[in-house]
């Protein structure tokens, strides 16, 4: 009985993380029912991964920028611009793919450095700089493409968007064995890692997670990975972009959790002044975050272009909104200091499943946008409600003043008079 | 002549756990300038908030008579209707609005909901003439100096037909010239029949304008001195402000003082926005190994500004002067330089400058020296936990684990986290700014013990504090600051509250 109560107490303390995960599963089940099973057909699962990969790549960089208390509105335009640059390099100039890809990532880094300079060193709010960037790089996309699409791309680049890892069984087996090996291996690695971390937490007496919940959670995650593996293996195997994405998620999760740079990012978003007074070079950290965002935008642009096999003037339009929504649905705080890469991935998948499911149902973009907007509002609203109820999180009103992003209306600092009156009444 | 305009009787105001005011009496006569004196935290501002209705009438005990009629204010607007206007230390002007718009903010000169701009600007111009401010009423407030903004506040008060004007530390943010103007204006308004209450601890100002002085200490009225009875003297005011006994709240300590560690020479700092204001002027000080040195000074004396400008230029502009460590000049132009040279600064404002309140204890402790825990850019989390657990034990941080969020700890425990953070950066010099502010008595003793331990370990410690007994209780030597000058250096053997207060209120020519 006490174990149950303990578990429930723990779940309420982690309502947000648990809630978002449950929401994803419910949405998947809902659309699985509504589409008559089409959603989880092997081919559609593969589509889901490939279709959303570039948003997920952007969401990684976006959640980092948001954790630091900034925002980036320009990623869609930058992705489109890099697609155009890739088109010119590969199709017009005839560069090989292995030279063009690093060159494009470098251009992305330069774009990020340009924006990071204005934000970090000149001190213009990121909202303004990247709003300008949204226009600037859309303009440059149109100029580079001379308003016409560039196509076709060589097969090597197209593989980045729609290619699969080679079939080692030679196409004779029902299941793709390489995918099965990778999927089972990844699941085993995840289990080992989870147990190792729990053991260390126990050793230092930091464990607050009840054993029951740990087992449920780990088993569930492992099962989920195996199911996805099975679904992918029974279609065409592992999309190359999934390998890229998985590598990025692992690397960036480690970076944000364990690296000095990641810690500094959280510290800046949590309390900019305290970070500064602790000797953190806040400007350099901010600058690097935007350079990183530029590189990831470039990668997203390459994947998108490769998938369409065409660099298009309107390529990347709206990506910024999807990736920002992914980060916020995934639990990032508007005030900065809170958020995770994994959360942003789940947020991105929720958006992706909504998109995909509604498209299968034949809902028009009109209703799709309406519903996606409501989901974003409810997710963040739930967050705020939860925070107000628990009363934690410290002096958020004050922290807002330190941010360069404009504070939402409800967090306006209350006049000193009414504050002191309240203090007096108590 | 001596007809009372305001009588406050038996005012008692309690905050959770603290009696801020206890049976305070204040009598102000019509047409006089009445000064209220007291140490930081004595209850001056609380008393004025009681008077002006910031604290509604049912939240305190006692009786207020204004023009012989009882007052039951439930908000500021009630007191303003009766002609009592308070001007707070932090000006309440909207920087982008014009002078005239600010004067009539909330009291717009309008007919049927439409603002009459001609009337607004014309009336504003008349008020500006009354306060002697030669500015166009349509000028945005942000384009005029702080001194002039203060005059706009007074013009705003006049527009409300003020009978009793309350000024809370009106010259704290002004340079000498602007302060002089302001004081002249107060005298001028007195000639026009406006009664003023001025909260100040600048004794020369009080001597210049005050007809009467009421001294408040520890939330109680000590006495009211009257000019016409020849009672206003510096000695008497100082005695009234500090006269209390040292309590034995401090750990015993055998100082073991060694060589000089840090020396600051000829240090000057200008205000970051108003470059004409010198916040710290030609300060010289030093601190030795194992020594606890106090910096005493009243609000606005420049103590925090001095410390923060040394610590990576985090305050002020056009800083000049030199910092020496072990006799060699060092560069502390950025915080990371200062930390690298073994200087640590624990801020007076834990919540806004000291801690990341949404993060846990261990990550706060490791923040300033994260690289000590990192290999090739990645933090060793186990080591981090071990370190944080070590401080949790040695500093007696009361929390379920080092994974507890700092925003939910008590003030004393938060302060211990801040101190742990700086101890982990392994400094030679620790500057502790108001280390016991907002901390209960028991935790204060623990903080004093930690300070004593740091000194015993051979660290040089500088303590900035507004509480003189605290400085007398823990320091080996005390510097006093007034208006940015170091006005005194007192060895502990010669230090009393009276001597310190004497230096703290001294004006250097």
**OP:** Go through (1) touching a residue at least 24 places away in the same chain (Cβ under 8 Å); (2) at positive phi; (3) surrounded by fewer than 17 Cβ atoms within 10 Å (Cβ to Cβ) and name the single condition residue A:226 misses.
**Re:** (2)
**OP:** May I ask you to list the residues in segment B:397-421 that are within 23 Å of the chain's Cα centre (by Cα) and either facing chain A (nearest Cβ under 8 Å) or farther than 17 Å from residue B:432 by Cβ (or both)?
**Re:** B:410
Subject >> Residue that is modelled with the lowest pLDDT, among those in segment B:77-111 that are assigned to a helix (DSSP H, G or I) and within 27 Å of residue B:138 (Cβ to Cβ) >> reply: B:77
**OP:** Working only within segment A:191-212, note down all residues that are over 19 Å from residue B:381 (Cα atoms) and either surrounded by 14 or more Cβ atoms within 10 Å (Cβ to Cβ) or out of contact with any helix residue (DSSP H, G or I) (no Cβ under 9 Å at 6 or more places or on another chain) (or both).
**Re:** A:191, A:210
**OP:** Could you list, in sequence order, all residues of segment B:447-464 that are under 15 Å from residue B:252 (Cβ atoms) and without any contact (Cβ under 8 Å) to a residue 60 or more places away in the chain?
**Re:** B:450, B:453
Original post:
Any idea which of (1) more than 9 Å from every other protein chain (Cβ to nearest Cβ); (2) in contact with a helix residue (DSSP H, G or I) (Cβ under 8 Å, 6 or more places away or on another chain); (3) assigned to a helix (DSSP H, G or I) is the one residue B:362 doesn't satisfy?
Top reply: (1)
Subject >> helices (runs of 4 or more DSSP H) contained in segment A:214-286 and holding at least 3 residues within 30 Å of residue A:165 (Cα to Cα) >> reply: A:240-258
Original post:
Taking segment B:373-400 as the region of interest, how many residues are part of a loop (DSSP other than H, G, I, E, B) and either within 21 Å of residue B:437 (Cα to Cα) or in contact (Cβ under 8 Å) with a residue 12 or more places away in the chain (or both)?
Top reply: 5
**OP:** For segment B:15-35, indicate whether the set of residues that are under 25 Å from the mean Cα position of the chain (by Cα), away from chain A (no Cβ under 13 Å) and outside any strand (DSSP E or B) is non-empty.
**Re:** no
Original post:
Does segment B:172-211 hold any residues that are at negative phi, in a loop (DSSP other than H, G, I, E, B) and at pLDDT below 90, and which are they?
Top reply: B:172, B:173, B:174, B:175, B:192, B:200, B:201, B:202
**OP:** Could you tell me whether any residue of segment A:355-366 is closer than 30 Å to residue B:354 by Cα, at pLDDT below 90 and surrounded by fewer than 20 Cβ atoms within 10 Å (Cβ to Cβ)?
**Re:** no
**OP:** Quick one: count up the residues across segment B:36-76 that are surrounded by 20 or more Cβ atoms within 10 Å (Cβ to Cβ) and in a strand (DSSP E or B).
**Re:** 4
**OP:** Output the qualifying pairs, or none if there are none: Cβ atoms under 6 angstrom, residues six or more apart or on different chains, first residue in segment A:200-221 and within 14 Å of another protein chain (Cβ to nearest Cβ), second residue outside any helix (DSSP H, G or I) and surrounded by 12 or more Cβ atoms within 10 Å (Cβ to Cβ).
**Re:** A:201/A:207; A:206/B:401; A:206/B:403
**OP:** For segment B:475-489, indicate whether the set of residues that are closer than 20 Å to residue B:254 by Cβ, in contact with a strand residue (DSSP E or B) (Cβ under 8 Å, 6 or more places away or on another chain), at pLDDT 90 or above and surrounded by 24 or more Cβ atoms within 10 Å (Cβ to Cβ) is non-empty.
**Re:** yes
Original post:
Of all residues in segment B:365-376, how many are more than 9 Å from every other protein chain (Cβ to nearest Cβ) and within 29 Å of the chain's Cα centre (by Cα)?
Top reply: 1
Original post:
Would it be correct to say that residue B:338 is in contact with a strand residue (DSSP E or B) (Cβ under 9 Å, 6 or more places away or on another chain), surrounded by 17 or more Cβ atoms within 10 Å (Cβ to Cβ) and within 11 Å of chain A (Cβ to nearest Cβ)?
Top reply: yes
Original post:
over 15 Å from residue A:274 (Cα atoms), touching a strand residue (DSSP E or B) at 6+ places or on another chain (Cβ under 6 Å) and surrounded by fewer than 23 Cβ atoms within 10 Å (Cβ to Cβ): does that describe residue B:327?
Top reply: no
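The values are calculated or read from the model by the stated rules, or taken from the named source; none is laboratory data. Keep in mind it's a predicted model, so treat the numbers as computed, not measured. In this analysis, Cβ positions are derived from the backbone assuming ideal geometry, glycine residues included, and neighbour counts consider all displayed protein chains.
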